[in-house]
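Here, each number is a calculation from the coordinates, and none is a lab measurement. The shown structure was predicted, so the numbers you read here are calculated from the model rather than taken from an experiment. Cβ placement follows ideal geometry from the backbone for every residue including glycine, while neighbour counts extend to all protein chains displayed.
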Amino acid sequence: MRTAFITGVGGQDGSYLAEQLLDLGWSVHALTRNDQAAAAQLPMGVSSHPGDLTDHESLQGALELALPDVVFNLAGSSSVARSWEDPAETVSVNSTAVAALLEATWRLRETTGNDIRFVQASSAEIFGNATEIPQHENCIICPVSPYGASKALAHNLVQIYRNRGMFAASAILYNHESPRRPVTFVTRKITSQVARIALGRADSLLLGNLEARRDWGWAPDYVDAMYRIATYSDAQDFVIATGQSHTVADFVSSAFGAVGISDWQQYVEIDQRFVRPADANEMRGDSSKAQRLLGWKPTVAFDEMVARMVRNDIILEKRSLSTPAYQEPEV
Ligand code: GDP
């Protein structure tokens, strides 16, 4: 396997995956939006194929030109929060587009005779209201958000194409973070605002549910897991998680701790705008199957991950000499 086709290359995971594959000597092709700005942001060495997830003909055309050994589907709407604002768009890019991409891959296999592999970035959110903690690959799928439902349909479609005879596998990814996370996610929202507070440029942090528990890992580890899934002997689904959960309050405490502030409560306010209609309460994954079969394991501990994100945000904040007024991101 030497040629990859990646959707979502402009996002956190897509950019790390492209970099990892290029380092390993792969040829990397990517579906990119039809504009120069998107093409300019591609990692060096990636071949760009203009197209759109919702334009199924352009998807198929891009795939035929790239002729990949592996298709990595990382594109889509990745924010649970945003899925409450536009559920139809979430289903269109997270489910319908996956059906189109699976079918296009299936047809390309038929016409070329190549055993093209398909790896889907699935999500812990498919287990939304899980009764079992930690969750494993065979837990009941019961999403609680439009995002979770859209990923659940895609997850089922991947299994259906696997049963049809295609190498189609899902990485069931728990929350994974890095300095490349957008501020629509609570982690980056916290670290960027803690950086401003540490530098005296802000004095409060507005949040929603502080008691939600998430299993947060280091994004490059999760991308490496997807590479291992793609190159494994057969197609299977794997939970990718650290196995440890922390509350949002723990994350806040760790981020303030990284800048030497221990009395963080005085800076944090609860704002109802950031409380969701429904929220998965505790997400914690059991990745023992991935550890056993893929030799995968998380490499960065929780506090270290938080500290890396805070350090990066302090550097970015110091660089922006004329700081524009901070806009609270809508969730
Ligand atoms: P998610 O797990 O994929 O939804 O990732 P997020 O980073 O968006 O949210 C993680 C958890 O943080 C969820 O349980 C949210 O309800 C909770 N949370 C609390 N306050 C906020 C906030 O201000 N923004 C976001 N995005 N999430 C928040």
From the option list I133, I140, single residue qualifying as closer than 21 Å to A290 by Cβ, over 19 Å from the mean Cα position of the chain (by Cα) and free of Cβ contacts under 8 Å to residues at least 40 places away in the same chain is I140
From the option list A88, A99, single residue qualifying as small (G, A, S), free of Cβ contacts under 8 Å to residues at least 12 places away in the same chain and surrounded by fewer than 18 Cβ atoms within 10 Å (Cβ to Cβ) is A88
Of the residues in region 174-213, those that are charged (D, E, K, R) and within 12 Å of the ligand (Cβ to nearest atom) come to E177, R181, R188, K189, E211, R213
Note on region 62-98: residues of a type in the set (A, V, I, L, M), in a helix (DSSP H, G or I) and under 19 Å from the mean Cα position of the chain (by Cα) are V80, A81, V91, V93, A97, V98
Notebook entry, point to check: Quick check, is Y222 in contact (Cβ under 8 Å) with a residue 60 or more places away in the chain and in contact with a His (Cβ under 9 Å, 6 or more places away or on another chain)?
Noted result: yes
Could you go through region 126-140 and let me know if any residue there is among the aliphatic types (A, V, I, L, M), within 16 Å of the ligand (Cβ to nearest atom), within 23 Å of S245 (Cα to Cα) and not in a helix (DSSP H, G or I).
yes
Considering only helices (runs of 4 or more DSSP H) wholly within region 159-267, the ones with at least 1 residues that are surrounded by fewer than 22 Cβ atoms within 10 Å (Cβ to Cβ) and more than 18 Å from the chain's Cα centre (by Cα) are 186-198, 248-258
Practice task
Consider P298 carefully, then state whether it is buried (at least 18 other Cβ atoms within 10 Å of the Cβ) and part of a loop (DSSP other than H, G, I, E, B).
Solution key: yes
